[in-house]
Structure formats: structure tokens, C-alpha cells
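Read through the structure below, which is laid out as C-alpha cells, and then see the notes.
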């Protein structure tokens with residue numbers, strides 16, 4: 001059986017079952033464990049499957065993003081730990097971008113005591129917090145208002161972003177895989193692409209529950225990222241694949257507030 005035939009059979013069986021273990025795939029295909037892993041790595045690079053502990057599943061398609069209010073209740077401890085690690089990456093006097101989201105809001109909380117940095121954001125909640133609690137230089141992008149997520153999107157926001165040279169940009173997402181970041185919202189594409197193009201370092205900040213989800217629109221390829229900050233729920237195979245691409249990976253540990261870092 002040639003690789004294309006095996007790939008088609010894997011995808012067909014996953015469509016029936018949703019999730020399969022590597023051992024079950026090995027027995028179904030009648031090939032070695034290593035061959036199955038190579039097949040799955042290829043399919044995952046193409047965004048057609050997603051790793052889970054001990055197995056694989058089809059990517060979960062998302063048609064919309066939860067509201068800011070809903071997101072604020074999800075994976076809060078992980079977001080706090082991620083925010084702490086990300087904030088420590090910001091050097092003296094740097095110009096930074098904080099993407100809209102509740103994970104980036106935690107970064108803002110950690111940076112509130114810094115008066116030496118410039119912060120640009122498209123998020124109203126972050127801008128309000130920093131204008132009230134911090135003394136950094138602060139810019140809001142403006143643009144089309146997205147009420148549910150309390151942020152600005154679209155080409156006007158992207159144009160404002162392109163005016164800046166960011167030392168580091170923290171990008172949020174509702175979905176990502178080994179192909180990169182995606183979104184169900186077309187209005188967010190230009191914003192995230194403008195951010196990545198304007199930053200010396202682009203860092204994805206996201207809890208691991210977003211891995212293996214896919215939106216209709218690709219935004220930033222994985223190779224455009226300097227680093228990813230996430231939590232320990234990210235599968236080991238995925239961690240290894242990220243590191244092989246030369247992307248630094250920071251794993252937040254909410255319980256102790258510590259960090260395991262691999263580069």
C-alpha cells in the first residue's frame with residue numbers, strides 16, 4: 001500500500017470514529033509503528049489531522065469564536081501562568097503589541113508596573129486596564145469594532161498596526177495547528193498578518209485547548225513565529241514538531257507558577 005492510499009484510509013476511518021490510537025492504526029494498516037508515525041506527521045503538517053495523547057483525530061472546525069465574557073471563564077489558571085512567562089520576555093524600552101484576548105489581558109496585568117515600554121493593542125479591555133492602572137505609553141489601533149470580543153478588526157486596524165515597528169508581538173488565537181494560526185473571522189486575517197509582518201519577534205500565546213482546532217481562514221504560518229507560550233496539555237509529538245522547526249516553546253505550569261522551557 002503506497003502512502004497516499006494509507007493516508008486516504010486513515011482519514012476515512014477517522015471520519016467514522018473521530019479518534020484512533022496509533023496502535024489501532026498500525027494494526028489496521030499492517031505497517032510498522034514508525035510508518036504510522038511518519039504518515040501522521042505528514043497529515044498533521046498538512047493540517048488534516050491533529051495529535052492527541054496516544055493517537056490522532058480530525059481537526060475540530062470552528063465557525064465562530066466565543067465572546068470575551070465566555071473566554072474569560074475558560075482555562076483561567078493556564079492563562080495567568082502564560083501571561084507571567086510572556087511578560088518576562090519584554091525587555092527595557094521595548095515597543096510591544098498585545099493582540100485582543102483574555103490571555104493577552106493577563107500579560108497586560110503583569111506589565112502594569114512597567115513605565116518604560118510602549119504598548120499597542122486592538123483590545124478595548126486591555127487599553128482600558130492599562131490606561132487606568134499603568135503608566136506605559138499606550139496606543140489603540142482603532143478600526144471596525146467587534147462588540148462580542150471588545151476589540152477592533154479589519155483593514156483600518158491593520159493599517160494602524162503597520163505604522164509601528166514592534167520589538168515583540170504577542171498574538172492570540174482561537175485555533176492553531178502545525179500549519180499555523182487560523183480564524184473563523186475574515187476580518188481578523190489582515191490584523192494578525194500585519195502584526196506578524198511588523199514584529200521582530202512574534203509570539204503565540206494560547207492555552208493548549210486551541211490546538212487541533214481550525215478556522216476557515218489561515219492567518220500566520222507557524223514558521224513566522226519566534227516562540228509559543230502554552231500549557232502542559234500540548235501533546236509531546238506536537239512539542240517535538242514545533243521544536244524541530246526552530247520555534248522556542250515555553251510550557252507554563254499553573255499550579256506552581258513555574259516554567260519548563262525548551263529551545
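The values are calculated or read from the model by the stated rules, or taken from the named source; none is laboratory data. Quick caveat, the model's predicted, so the values are computed rather than measured. Here Cβ is always computed from backbone atoms with ideal geometry, including for glycine, and neighbour counts include all displayed protein chains.
Observations on the structure shown:
- Meets criteria (under 17 Å from residue 192 (Cβ atoms) and surrounded by fewer than 23 Cβ atoms within 10 Å (Cβ to Cβ)) for residue 65: yes
- Some residue of region 68-81 being modelled with pLDDT under 90, in a loop (DSSP other than H, G, I, E, B) and outside the structural domain of residue 172 (by TED's automatic domain parsing): no
- Only residues that are part of a helix (DSSP H, G or I), modelled with pLDDT of 90 or more and crowded, with 17+ Cβ neighbours inside 10 Å were counted in region 224-263, giving 5.
- Residue within region 151-163 that is under 14 Å from the mean Cα position of the chain (by Cα), buried (at least 21 other Cβ atoms within 10 Å of the Cβ), in the same structural domain as residue 120 (by TED's automatic domain parsing) and not in a loop (DSSP other than H, G, I, E, B) present: no
- Within region 130-149, if we keep just the residues that are assigned to a loop (DSSP other than H, G, I, E, B) and surrounded by 20 or more Cβ atoms within 10 Å (Cβ to Cβ), the residue that is modelled with the lowest pLDDT turns out to be 149.
- Look at (1) surrounded by fewer than 16 Cβ atoms within 10 Å (Cβ to Cβ); (2) within 24 Å of the chain's Cα centre (by Cα); (3) outside any helix (DSSP H, G or I) and you find that residue 1 fails only one, number (2).
- Test result for residue 100, under 14 Å from residue 169 (Cβ atoms) and in a helix (DSSP H, G or I): no
- Taking the conditions (1) under 19 Å from residue 130 (Cα atoms); (2) surrounded by 14 or more Cβ atoms within 10 Å (Cβ to Cβ) in turn, residue 92 satisfies each one other than (2).
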